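Report on the following structure.
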Amino acid sequence: MAALRVRAALLRSAVTRPARASRSVFFAVQSRHASTQKHPKGFRPPSPDELEELRERTIEFARREITYEVAQSTDHQNEFPHEMWKKLGSAGLLGVTADEDYGGLSMGYQAHCVILEELSRASGSIGLSYAAHSQLCVNQIMLNGNDDQKAKYLPGLVSGDTIGALAMSEHEAGSDVLSMRMTATKKDGGYVLNGTKMWITNGPDAHVIVVYAKTDPEKGRKGMTAFLVETSTPGFSVARKLDKLGMRGSNTGELSFDNVFVPAENILGHVDGGVRVLMEGLDLERLVLSAGPLGLMKAALDVTIPYVHERKQFGAPLATTQFIQGKLADMYTKYRACSAFTYSVARAIDESYQDPQIKTQDCAGAILYAAERATECGMDAIQCLGGMGYMNEMAAGRIMRDAKLYEIGAGTSEIRRMVIGRAFNREHGLR
């Protein structure tokens, strides 16, 4: 217990102390077991107390740095606060699943969910950009990168000096992502990429992007390769920044690749092995992203509960009416059910780290259920606030608009249902 108290105290202080130094001391307190390729080096499952300390630390960061004014400005101006990346890095939040060797926390997927939930509670769009950077880019490099790639890219990504993204989708390859048309033609020393990518979170701001392209189009899904592309490379450009309904300020773009040369050492995984890289990341991506809707449900409750206890109609607070009580009960119950789903799956993966038990139906189910319930909670928040809920000066509308993205991005609700059904089919020998 003494070691735990020291560990917790160091965790709380990491917000204001130099990130890398505080983390190295913090994680020297207790030894760790060996890990597998799904978890960082030296990983061991965190205790409930450690996760609670991490949550408190993230809440403290959000209250200080992602205030109501920052969240509203990010949404209304459709601009990400770029100074936030360095702040997130200094607080040690950008490399939660990265090895300590690269400045990371060497923690697992429960911890990643905790951070994303509390950041999304403060701002859905800042939370989404965080997830695209920390899960879709940093964790993909951790899972599939070689030692040289990790040493080159992870320190900057973890510190917030550089911004990461992942580019899969195209105009004609959204849900059917394996039908992508971007090509990578072999050339002396590497490959030349040509094509476009669409709906890429962090695309307009990123310094390094995990990009999928067809190295052998005739092989179909077996001819796809993942590359690490630096956006300073000649031929890369942002065709346009997209104007979205929600998640405004989580800068999203259409990216153009015109004879972009990528050296062979920037192949992530193996040539024609992109599907393996893609599929290995998808389950964990769905799981971690399911924490975004959790934060938005909590945000909806944060807005609604004080309002209905203060606002009076017919001589009594709104909260005294059964209609409002019913909505609050539904919102709270939906959040608790979704939270239990997400964290039970994350805990199972962390605790089986020596031989990770990752079930596609569980990961897809977690984000499917949480995303749909979050949109419902956002709508209920607007309804409970009445006329004020429809005003942009209140957060309720922003929360609802942000929540809707999770039913579409990273695989639609319809695709998630199909994925779950197919997982059951595979278990019974059907294709």
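The values are calculated or read from the model by the stated rules, or taken from the named source; none is laboratory data. Every value quoted in this text rests on a predicted model; they were computed, and no experiment measured them. When the accessible area is computed, the model is the full protein with side chains, heavy atoms only, and any ligands, DNA or RNA have been set aside. Shrake-Rupley method; radii C 1.70, N 1.55, O 1.52, S 1.80 Å.
Exceeding 25 Å between C-alpha atoms, which entries from my cross-link table qualify? They are Lys152/Lys186; Lys41/Lys219; Lys186/Lys359; Lys41/Lys186; Lys41/Lys222.
Among Lys152/Lys186; Lys41/Lys219; Lys186/Lys359; Lys41/Lys186; Lys41/Lys222, the Cα-Cα distance tops 25 Å for Lys41/Lys219; Lys186/Lys359; Lys41/Lys186; Lys41/Lys222.
In degrees, nearest 10, range 0 to 90: what is the angle between the Cα axis of helix 2-13 and the longest Cα principal axis of the chain?
Its long axis makes an angle of about 90 degrees.
Using only the C-alpha atoms of the chain, find the volume of their convex hull and express it per residue in Å³.
Expressed per residue, the convex hull around the Cα atoms of the chain is 143 Å³.
On the accessible surface of region 48-162, probed at 1.4 Å, how many percent belong to carbon and sulfur atoms?
Here it works out to 48 percent.
Provide the solvent-accessible area of Arg373, counting protein heavy atoms only and rolling a 1.4 Å probe, rounded to the nearest 10 Å².
For Arg373, solvent-accessible area is about 30 Å².
Compute the projected area of the convex hull of the Cα atoms of region 235-285, averaged over all viewing directions, and report it in nm² to one decimal place.
Averaging across all directions leaves 5.4 nm² for the Cα convex hull.
Taking only Cα atoms, what is the 0 to 90° angle, nearest 10, from helix 274-289's long axis to the longest principal axis of the chain?
Taking the Cα atoms of the chain, the angle to 274-289 is about 10 degrees.
Can you give the helix-only mean residue ellipticity at 222 nm for the chain, where every DSSP H stretch with n ≥ 4 adds -39500 (n - 2.57) and the sum goes over all residues, rounded to the nearest 500 deg cm²/dmol?
The per-residue figure over the chain is -16000 deg cm²/dmol.
Measure nothing fancy, just the Cα-based angle from helix 396-405's long axis to the longest principal axis of the chain, in degrees from 0 to 90, nearest 10.
That helix lies at roughly 30 degrees to the long axis.
Hey, what's the per residue convex hull volume over the C-alpha atoms of region 177-271, in cubic angstrom?
93
Given an 8 Å cut-off on Cα distances and at least 6 residues of separation, report the relative contact order of the chain as a percent.
Reported relative contact order: 15 percent.
Can you sort Arg121, Arg426 by 1.4 Å-probe accessible area, starting with the largest?
Ranking Arg121, Arg426 by accessible area, largest first, yields Arg426, Arg121.
How much area per residue is accessible in the chain when the probe is 1.4 Å and only protein heavy atoms are counted (Å²)?
42
Hey, what do the phi angles of region 366-378 turn into as Karplus ³J(HN,Hα) couplings, whole Hz, using 6.51/-1.76/1.60 and θ = phi - 60°, x for Gly and Pro?
4, 6, 4, 5, 5, 4, 5, 5, 5, 4, 4, 5, x
May I ask for the distance between the Cα centers of region 206-260 and region 79-121, given as a whole number of Å?
Measuring centre to centre over Cα atoms gives 23 Å.
Could you look at region 177-271 and say what percent of its accessible area is carbon and sulfur, using a 1.4 Å probe and all protein chains?
Values: 2060 of 4110 Å².
Here carbon and sulfur together make up 50 percent of the probe-accessible area.
If the chain between Phe314 and Leu430 were fully stretched, how many nm would it gain, using 0.36 nm times the residue separation less the Cα-Cα distance?
Extending this stretch completely gives an extra 35.7 nm.
Based solely on C-alpha atoms, express the radius of gyration and the Dmax of region 80-195 in angstrom.
Over region 80-195's Cα set, Rg and Dmax evaluate to 15.8, 48 Å.
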